[in-house]
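Sharing a structure, written as structure tokens. Questions coming.
The values are calculated or read from the model by the stated rules, or taken from the named source; none is laboratory data. Fair warning: this is a prediction, and the values are worked out from it, not measured in the lab. Neighbour counts run over all protein chains shown; Cβ positions are idealised from the backbone, glycine included. With ligands, DNA and RNA removed, areas are computed over all heavy atoms of the protein, side chains included. Shrake-Rupley method; radii C 1.70, N 1.55, O 1.52, S 1.80 Å.
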Amino acid sequence: MSNETILDVKNLSVSFKTPNGEVQAVRDVSFSVGKGETLAIVGESGSGKSVTTKALMGLLPAPKGYIKNGNILYGNEDFAKLSDKQMTKYRGKDFAMIFQDPMTSLNPTMKVGTQVMEGLRMHRGMNKEEAKKEAVRLLELVRIPDAEARMNQYPHQFSGGMRQRVVIAIALACDPKVLIADEPTTALDVTIQAQILDIMKDIQEEFETSIIFITHDLGVVANVADRVAVMYAGKIVEIGSVDELFYNPKHPYTWGLLGSMPTVDQREEELFAIPGTPPDLLHPPKGDAFAPRNRYALKIDYEEQPPMFQVSDTHYAATWLLHENSPDVQPPASVQQRIDEMNGKWEAGK
Amino acid sequence: MSDEKLLEIKNLSQHFKTGRKSVVRAVDGLNFDIYKGETFGLVGESGCGKSTTGRSIIRLYEATSGEVLFKGENVQGKKSKKELKKFNRQMQMIFQDPYSSLNPRMKVIDIIAEGIDIHGLAKDKEERRQRVYELLETVGLSREHAERYPHEFSGGQRQRIGIARALAVKPEFIIADEPISALDVSIQAQVVNLMKKLQREEELTYLFIAHDLSMVKYISDRIGVMYFGRLVELASSEELYKNPLHPYTKSLLSAIPQPDPVHERTRRRLAYNPEDHDQSEEPEFREVSKDHYVLCTSQEFEEMQQQAPV
């Protein structure tokens, strides 16, 4: 992993036009991705994590969805300003995507081999022979046994885990610089999930691919991520290295996410659940959107959106609790206990 | 948890015909008991037969062979309408998908009261309405929700409606088939907390079917691990996690990612290969240490007994 930034997203806002008005799905989001780095974006459904990546790929459903503001800087280009046609040069080539559901992201009427070859012939100008050879190599890379024979089969002849491998092979076909994986393992069993994560990590090591990994599973985040961004109601509320996020979380929403997942060692009477439901982004609340569900909310949370407070060089959190004038608030006991336990392991592992 | 057996599953098999000659043995000779007041967790990967087991117990499927005894009476087999009604009142189910398990054309009050109507549990309309209000409040919704339709609710709220519907007939036993898999993490915790609270207050017994092992461990008293239609291990949840004996259980436990980066950097995954077992001997379900059962051959049994702390 190097310090070279490959993708820089600045103040991105994405909205959707609906009959009831404008839904502000992503609100002023900034982050960057380094070369060979994995950034995990965590959040609940409706937090804007998928919409953010769709905006990066230029896949917002036009004309309903549009980039309202901000820049998506990649090399000398600003994706936010490119037309759909101009984006085709990058989409599927420099930027590839793996979707959640391997059952629906493959064409059921096309042979698997043909689907892998498609990108090779289109973006890399290979002829049929070359493309076929390369496709077999890619299928072997994602560890599909007997790849040559599998080329002539259809998706229904593959299991869920094998299909997801095919999807990864297609994504890798054009040697992408950035791989966007939207919940790639959510539909899979744990043992298969572990295999897919291993494959993705090996590929990253070999090709120095940058990965944006979207998930709601904090276990998976701990496994794959170098850095983590937590999203809530269209905003990044906390961002930092994976260790900072898990061992020194600062935002009450991050506390809530950590607390609502039992660890294997844990057995208390009650989980630390976040009460209530996320806000309606048709009318985002004034101030901090998380305030109504936040048991540590201050008066100012209902009036003014907290800025990103700096915790360390790499760690930022948008909560007024980090303001110098705020009362000293510690995470809830159950979360603090986990953090202490994890810290113990962390110290021991150093 | 008491010593009283609420449910005894004896040699339960559920085979499906998939062609003229081919048969899928979704559930193959299952034996276990569920005690009154406990939560029994059933885990396994997709296709291992855990949902089929749940559905056979509640008679959504007619079992191919075997018995399901509820308080000593067989649920399976020929039943008169009256007998069926009696069972249905005592056993209820909560489904995985809160979107497809509620009729979109019915109001919440009618969805919840359906069981009340069938079993004639309310004297008049007023009592019926009051009972639904009570149930809504029990599951953390409010009485204003009664006149609305399912599409007006979020996933977590719908799952609460599903729970209220199951509770309406005052059952003793509830089968929850992946009740939280479709929900967001923070909402999962809400629903699990609610289920635990209801268990204490209403003295319910649960069969909790899931693939999320950390949640199963948290909610269950005992856990059964299924693989290819058979139980391979059964123990208290504490024991199963601390001292897994069957190689499949070990492999499954080693595959769960923990929300702890340092742990993740050092985690070693164990692979399971069913061919590692001695193929010449048919494995049996044996008690290796007290209340800890494993599907194993006689030689494996001896080895495990030496390993197991007494």
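Quick check: Cα centre of the range B:166-207 to Cα centre of the range A:124-189, how many Å?
40
Further question: What number, in nm² with one decimal, is the all-direction average of the projected area of the convex hull of the alpha-carbon atoms of the range B:184-310?
If you wrap the Cα atoms of the range B:184-310 in a convex hull and average its projections, you get 9.7 nm².
Further question on the same structure: Let me see the pair-distance distribution of the range B:251-310: every alpha carbon pair, 5 Å bin width, integer percents in order.
Result, from short to long distances: 4, 16, 18, 17, 17, 14, 11, 4, 1 percent.
Give me the percent of DSSP beta bridges within the protein assembly as shown that run antiparallel, rounded to the nearest 5.
Beta bridges within the protein assembly as shown, antiparallel portion: roughly 60 percent.
Report the dimensions of the range A:1-118 along its three principal axes from the alpha-carbon atoms, largest first, rounded to Å.
44, 42, 31
Something else now. Given all pairs of different Cα atoms, what value in angstroms does the Kirkwood hydrodynamic radius of the range B:111-208 take?
In the range B:111-208 this quantity evaluates to 13.9 Å.
Using the scaling law 2.2 N^0.38 Å as the reference, what is the normalised Cα Rg of the range A:239-350?
Against the empirical 2.2 N^0.38 Å value, I get 1.13 for the range A:239-350.
Any idea what the dipole of the range A:103-175 comes to, in debye rounded to 20, about its Cα centre with Lys/Arg Cβ at +1 and Asp/Glu Cβ at -1?
With only Lys, Arg, Asp and Glu charged at Cβ, the dipole is about 100 debye.
Counting only other chains, and only Cβ atoms inside 10 Å, what mean value do you get across the residues of B:212-219?
4
Can you sort B:Phe95, A:Phe95, A:Phe16 by solvent-accessible area, 1.4 Å probe, largest first?
The residues order as B:Phe95, A:Phe16, A:Phe95, largest area first.
With r defined as the distance between the Cβ atoms of A:Thr88 and A:Arg124 and R0 fixed at 22 Å, what FRET efficiency is calculated, to the nearest 0.05?
0.95
Could you order A:Arg295, A:Arg121 so the one with the most accessible surface comes first? Probe is 1.4 Å.
Largest to smallest exposure gives the sequence A:Arg295, A:Arg121.
In addition: Report the residues of the range A:284-310 in range of a label on A:Ala333: point 7 Å along Cα→C-beta, backbone N strictly under 18 Å from it.
Residues A:295-296 fall inside that zone.
Using a 10 Å cut-off on Cβ to Cβ distances, tally the other chain neighbours for every residue of B:191-197 and report the average as a whole number.
3
To the nearest hundred square angstrom, how large is the accessible surface buried between A and B, total for both chains, probe 1.4 angstrom?
Looking at A and B, the buried total is near 3500 Å².
Same structure again: Just to confirm the number: angle between the C-alpha axis of helix A:128-141 and the first principal axis of chain A, 0 to 90 degrees, nearest 10?
It is inclined by approximately 40 degrees.
Next up: Just to be sure I understand: if I project the alpha-carbon convex hull of the range A:99-248 onto a plane and average over all orientations, what area do I get in nm²?
Taking a quarter of the hull surface, the average projection is 9.6 nm².
Here is a follow-up. Which sequence of A:Trp320, A:Trp346 reflects their accessible areas, 1.4 Å probe, from the largest down?
A:Trp346, A:Trp320
Also: Kindly express, to the nearest 10 degrees and within the range 0 to 90, the angle between helix A:160-172's C-alpha long axis and the longest C-alpha principal axis of chain A.
Between helix and principal axis, roughly 80 degrees.
Pull up all non-local amide H partners of B:Ile94: gap of 5 or more, or a different chain, and H-to-H distance under 5 Å with H placed in the peptide plane.
B:Ile175, B:Ala176, B:Asp177
For the range B:5-228, what is the percent of antiparallel DSSP beta bridges, rounded to the nearest 5?
If I count the DSSP bridges inside the range B:5-228, around 45 percent turn out antiparallel.
Angle check, please: helix A:112-123 long axis (alpha carbons) against the longest principal axis of chain A (alpha carbons), in degrees 0 to 90, nearest 10.
Relative to chain A, helix A:112-123 is tipped by roughly 80 degrees.
Can you give me the pair-distance distribution of the range B:1-121, C-alpha pairs, 10 Å bins, whole percents?
Reading the bins upward from 0: 11, 36, 35, 17, 1.
Related question: Hey, with R₀ at 41 Å, roughly what FRET efficiency would B:Ser65 and B:Glu152 work out to, going by the Cβ-Cβ distance, to 0.05?
According to the calculation, E is roughly 0.35.
Starting from the eigenvalues of the Cα gyration tensor, five times each then square-rooted, give me the equivalent ellipsoid semi-axes of the range B:3-63, largest first, whole Å.
Listed largest to smallest, the semi-axes of the range B:3-63 are 25, 12, 9 Å.
Let me ask you something else. Classify the range B:76-121: rounded, prolate or oblate, from the alpha-carbon gyration tensor (a ≥ b ≥ c, eigenvalue square roots; a/c under 1.5 rounded; otherwise prolate if a/b is larger than b/c)?
The shape class here is oblate.
Moving to a separate point now. Which value in nm describes the separation of the simple spin-label points at B:Arg129 and A:Ser30, placed 7 Å from the Cα toward the beta carbon?
5.6
Between A:His156 and B:Val23, take the C-beta separation as r, use R0 = 35 Å, and let me know the FRET efficiency to the nearest 0.05.
Efficiency, from the Cβ-Cβ distance: 0.95.
In whole Å, how far is the Cα centre of the range B:261-310 from that of the range A:218-257?
37
How much accessible area does A:Asp78 have with a 1.4 Å probe, in Å² rounded to the nearest 10?
30
What distance in nm lies between label points placed 7 Å from Cα along the C-beta direction at B:Asn273 and A:Thr18?
About 5.3 nm separates the two model spin labels.
By how many nm would the segment from B:Glu281 to B:Asn88 lengthen if fully extended, with 0.36 nm per residue of separation less the alpha-carbon distance?
That works out to 65.4 nm of additional length.
So what is the calculated 222 nm ellipticity per residue for chain A, using -39500 (n - 2.57) for each DSSP H run with n of 4 or more, over all residues, to the nearest 500 deg cm²/dmol?
Calculated at 222 nm, the ellipticity per residue is -9500 deg cm²/dmol.
Further question on the same structure: Over the residues of chain B, compute the C-alpha Rg and express it relative to 2.2 N^0.38 Å.
My calculation over the Cα atoms of chain B gives 1.06.
Separate question: For the range A:270-279, what does the Karplus curve 6.51 cos²θ - 1.76 cosθ + 1.60, with θ = phi - 60°, yield as ³J(HN,Hα) per residue in whole Hz, taken in order and with x for Gly and Pro?
10, 7, 7, 7, 8, x, x, 10, x, x
If you look at just the Cα atoms of the protein assembly as shown, how large are its Rg and its Dmax in Å?
Rg then Dmax for the protein assembly as shown, in Å: 26.3, 78.
Percent of Cα-Cα pairs more than 37 Å apart in chain A, please.
Here the tail beyond 37 Å accounts for 22 percent of pairs.
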